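Accompanying notes for the structure given below.
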Amino acid sequence: MSYFGEILTAVGEFGTFQKHLLLAICLPNLFNAFHMFGQVFTGQTFPHQCKTDWILHLDSNLTREEQWNLTIPRDDHGAYQTCTMFTPVDWDIESIKLYGLNGTAGCSDGWVYHSSQSASTLVTEFSLVCDSSGLNEVSQSLYMAGLLVGAMVFGPLADRFGRRSVILLSFLLQFLFGVGTAFSPNIYVYIVLRFVVGMTISGLTINMFVLGTEWSGISKRSFCTIFSHGFFAVGLMLLAGIAYAIRDWRTLQLVLSAPVAGFAVYYWVLPESARWLLTQGKTEAAKKLILKAARVNKRTVSEALMEAESACKTGNMLDLFRIPYLRRVTVVMCYVWFVNSLVYYGLGLNVGNFGLDIYLTQFIFGLVELPARLGCIPMIERFGRKKCQSLVLVFGGISCLLILAVPPDIPVAVTALAVLGKFGIASSFSICYVYSAEVFPTVVRQNGVGLSSMAARVAGIVAPLIRLLEVYHESIPMVIYGVAPLFGAALCFLLPETLNTELPDHTDHFQAKTK
């Protein structure tokens, strides 16, 4: 058993101290879910046509159908075109009805959106349609780029300055820029502010779960990580209800962001990782935290154990590639995170295209994640991380491939298979969080998890853009979502099994494995 493993056994592997910490880790996941999928609703699109009110000055009694019939051309299928109108002319209404109009132009006066709830979204306010329609997907991809940069920045920072400091900084930035997003004057300012919010999500996600892992005993590591993921699923369900009730995107953004101010209390209640403090040689600070944890858990720690020496060693990103054993683990973990993110967000950001109500589909997607994530706990504790990681990737991939066999005019069946795919990938995501925290030693854990998270964020950037491949063939995105997990399932067998093993603190152990 490692030095800190012995201390943790004496302190209590999952006492009152760890339970309080688990609650502190769980609550931010509600808001992580809000920010991650909020644009599904704030950026919701609606059917639209060019605004042609100029003709109403000639005859204000025209019905909407008569107005469109006179001013908007039809496509090859007989439907009104969405980005083209007949060029306005200086004729009287009788001449227009008799001769019709031939010249066409773009929507110079804006658009009319068809929404039963008169919703205000990014699309309707900033006119993200026609030539500007790609900005909606681009804004989501750049948000994911923020997660990538956040993983690059906050992972190494946490290894150098501690988990607690980076978490508190992430909360502050998320509140400021999340609330600021609601007041964006244009789409470009919105994109910049959302980019920073994305950075903070990475700062919170990778540091919160590592903090919980480093304070938990062997028997409770998977429970702490996956239980906190259950709150992300709850956040997805709450998001569906909040978005259903609030149809104005600015108000919705404010409601989803402002409560983050409440996490200011974490400045007084959130502990640092004693395990990290020991690896940095900050023995006195670590002892104070350990004694506090023991006191809260009503346990005692012997003086001899507290006086034991812990080697002060550091690591860096290069160790992940310099040591062959860690290099193999790093490459496989990066791919597993990549494919999980690709399929998870590919399905999650596409909820409006499965044929059912967008709010109902979002709620179902959140609901299915609860058993998907929590069900992993007994599964990986009995069968191990490696087999379960591979199995759920196969399940998710096959579910996505089966969607291709279902006609699109059966939306219930399509949505059901998409839900099964989301079930498998959500399970896989939770398992890989546990797995990655266990395969990397403490001195480079944030580097390893941060690098894996970076791979996931690259996938998050790509995921909204994969839908653009439908112009070549409508099946291409789903083929990618189906095949990529199957390859990842095969790679999992190159990973070590970490069930019931102590967390490694230094890289010496892995260097010995390669000799």
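Decide, for the range 367-515, between rounded, prolate and oblate: order the square roots of the alpha carbon gyration tensor eigenvalues as a ≥ b ≥ c, take rounded if a/c falls under 1.5, and otherwise choose prolate if a/b is larger than b/c, else oblate.
Because a/c hits 1.5 or more and a/b exceeds b/c, the range 367-515 counts as prolate.
So if I take the centroid of the Cα atoms in the range 146-225 and the same for the range 369-419, what is the distance between those two points in Å?
If we compute the Cα centre of each part, the gap is 28 Å.
Work out from phi, with θ = phi - 60° and the Karplus expression 6.51 cos²θ - 1.76 cosθ + 1.60, the ³J(HN,Hα) of each residue of the range 153-161, listed in order in whole Hz, and give x for Gly and Pro.
Working through the residues one at a time gives 8, 7, x, x, 4, 5, 5, 8, 10 Hz.
Evaluate E = 1/(1 + (r/R0)^6) for Leu494 and Glu65, where r is the Cβ-Cβ distance and R0 equals 60 Å; express this FRET efficiency to the nearest 0.05.
Working: r = 63 Å, r/R0 = 1.04.
The computed FRET efficiency comes out at 0.45.
Give me the aspartates and glutamates in straight-line cross-link reach of Lys387: C-alpha distance below 16 Å, same-chain residues under 8 apart excluded.
Counting by Cα, and skipping residues close in sequence, Lys387 has these aspartates and glutamates nearby: Glu438, Glu497.
Hey, for a label at Ser219 modelled as a point 7 Å past Cα toward Cβ, could you say which residues of the range 2-27 have their backbone N under 20 Å away?
Taking a point 7 Å out along Cα→Cβ of Ser219, the residues of the range 2-27 whose backbone N falls under 20 Å are 2-23.
Figure the gain on full extension for Thr82 and Leu172 (residue separation times 0.36 nm, minus the Cα-Cα span) and round it to one decimal in nm.
Fully extending the segment from Thr82 to Leu172 adds 28.2 nm.
First measure r as the distance between the Cβ atoms of Val269 and His114, then evaluate 1/(1 + (r/R0)^6) with R0 = 41 Å and state the FRET efficiency to the nearest 0.05.
Numbers: r = 49 Å, r/R0 = 1.20.
After rounding, the FRET efficiency stands at 0.25.
Determine, from the Cβ-Cβ distance of Val483 and Arg328 and an R0 of 30 Å, the FRET efficiency 1/(1 + (r/R0)^6), rounded to the nearest 0.05. Each step should come with its number before you reach the end.
Working: r = 23 Å, r/R0 = 0.75.
Calculated transfer efficiency: 0.85.
Which of the pairs Lys19/Lys220; Lys19/Lys292; Lys19/Lys422; Lys19/Lys298 have their Cα atoms more than 20 Å apart in this structure?
Values: Lys19/Lys220 11 Å; Lys19/Lys292 14 Å; Lys19/Lys422 29 Å; Lys19/Lys298 14 Å.
In this structure, Lys19/Lys422 exceed 20 Å between Cα atoms.
What residues have an amide H closer than 5 Å to that of Ser120, excluding those fewer than 5 places away on the same chain, when H is modeled at 1.01 Å from N in the peptide plane?
Result for Ser120 returns Asp248, Trp249.
Each residue of the range 202-209 in turn: what ³J(HN,Hα) in whole Hz from Karplus with 6.51, -1.76, 1.60 and θ = phi - 60°, glycine and Pro shown as x?
Listing the rounded values in order: 5, x, 6, 4, 6, 8, 5, 6 Hz.
Show which aspartates and glutamates lie in cross-link reach of Lys287 when reach means a straight Cα distance below 13 angstrom and same-chain residues fewer than eight apart are skipped.
By straight Cα distance, Lys287 reaches Glu272, Glu303, Glu307, Glu309.
Based on the inverse mean of 1/r over its pairs of different Cα atoms, what is the Kirkwood hydrodynamic radius of the chain, in Å? Kindly include the intermediate steps, with their values, before the conclusion.
Values: mean 1/r = 0.0404 Å⁻¹.
Averaging 1/r across every pair of different Cα atoms and inverting gives 24.8 Å.
We did not get these values from a lab; they are worked out from the coordinates using the rules stated. Here the structure is a predicted model, which means the values were calculated and not measured. For neighbour counting, all protein chains shown are included, and Cβ atoms are generated from backbone atoms with ideal geometry for every residue, glycine included.
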